[in-house]
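Okay, structure first, notes after.
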């Protein structure tokens, strides 16, 4: 049965716990391009529920059990290669916005600089003991490693990318991108993010350097729009 509607989220009082630090330096600081209109024009009422993906442990993701309330934030990499630490930031985002229906999902891929070389069975232990380490355990769902671009890309990402405009015109250094063929709508780098609405339709897409505070602000705006009463006719 559908869960009871969540209270409308309030505007945060100040910067989020990510400290307003961009992932990777300078980059897109404004909200990502919106996707819903593109998705509906291209696929009718189709959504992510039509795309099978496997969580760690080879369980099919229960998209349809998300119900009408939650929204999903899809992040395309599990841990950072260097000093920045999106996993703790994503934990904080999940904890803060879960009462309003947000579900964070992480999808590992080895297509960007070969930075995800381990087996599926090694991912959680690597996060806990190596990067970011310190006993860190993600509080969001992780999925099996797979391709997000190219000939063998997951259907889930084909749908997301076709539904949303690219975050930038540039693909990046081809020497660090490991897929063929390369296409305009491809994911550019680790931690590019998508917001999917409770109807399974993509809502927004963010550049990998967009700050978590910006992502949070955009998600809160989306949740407030959903919670607002419909105007009377």
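The values are calculated or read from the model by the stated rules, or taken from the named source; none is laboratory data. The structure displayed is predicted, hence computed values, not measured ones. Cβ atoms come from the backbone with ideal geometry, glycine included; neighbour counts cover every protein chain shown.
Being in a loop (DSSP other than H, G, I, E, B) and in contact with a helix residue (DSSP H, G or I) (Cβ under 9 Å, 6 or more places away or on another chain) is a description that does not apply to residue 172.
The single condition among (1) within 13 Å of the chain's Cα centre (by Cα); (2) outside any loop (DSSP other than H, G, I, E, B) that residue 148 does not satisfy is (2).
Pick out the one residue from 87, 70, 62 that is surrounded by fewer than 17 Cβ atoms within 10 Å (Cβ to Cβ), within 18 Å of the chain's Cα centre (by Cα) and at pLDDT below 90.
After ruling out the rest, the residue left standing is 62.
Screening 185, 208 for residues that are surrounded by 19 or more Cβ atoms within 10 Å (Cβ to Cβ), assigned to a loop (DSSP other than H, G, I, E, B) and either at pLDDT 90 or above or out of contact with any helix residue (DSSP H, G or I) (no Cβ under 9 Å at 6 or more places or on another chain) (or both) leaves exactly one candidate, 208.
Residue count for region 121-136 under the criterion of being assigned to a loop (DSSP other than H, G, I, E, B) and under 17 Å from residue 191 (Cα atoms): the result is 2.
Look at region 208-233: where a residue is within 28 Å of residue 88 (Cβ to Cβ) and a partner is in a helix (DSSP H, G or I), sitting 6+ places away or on another chain with Cβ atoms under 7 Å, you get 212/89; 212/93; 216/93; 219/97; 223/100.
Can you confirm whether residue 139 is in a helix (DSSP H, G or I), surrounded by fewer than 19 Cβ atoms within 10 Å (Cβ to Cβ) and modelled with pLDDT of 90 or more? Here the answer is no, as residue 139 does not meet what is asked.
Condition (residue is assigned to a helix (DSSP H, G or I), in contact (Cβ under 8 Å) with a residue 40 or more places away in the chain and surrounded by 21 or more Cβ atoms within 10 Å (Cβ to Cβ)) applied to region 104-120: is it met by at least one residue?
no
For region 146-156, the candidate set comprises residues that are over 15 Å from residue 113 (Cα atoms) and either in contact with a strand residue (DSSP E or B) (Cβ under 8 Å, 6 or more places away or on another chain) or crowded, with 18+ Cβ neighbours inside 10 Å (or both); within that set, the residue that is modelled with the highest pLDDT is 153. Quick check on region 90-99. Is at least one of its residues without any contact (Cβ under 8 Å) to a residue 40 or more places away in the chain, in a loop (DSSP other than H, G, I, E, B) and either in contact with a helix residue (DSSP H, G or I) (Cβ under 9 Å, 6 or more places away or on another chain) or surrounded by fewer than 17 Cβ atoms within 10 Å (Cβ to Cβ) (or both)? No, region 90-99 contains no residue that is without any contact (Cβ under 8 Å) to a residue 40 or more places away in the chain, in a loop (DSSP other than H, G, I, E, B) and either in contact with a helix residue (DSSP H, G or I) (Cβ under 9 Å, 6 or more places away or on another chain) or surrounded by fewer than 17 Cβ atoms within 10 Å (Cβ to Cβ) (or both).
Residue 175 meets the conditions (1) modelled with pLDDT under 95; (2) surrounded by fewer than 20 Cβ atoms within 10 Å (Cβ to Cβ) in every case but one. The failed one is (1).
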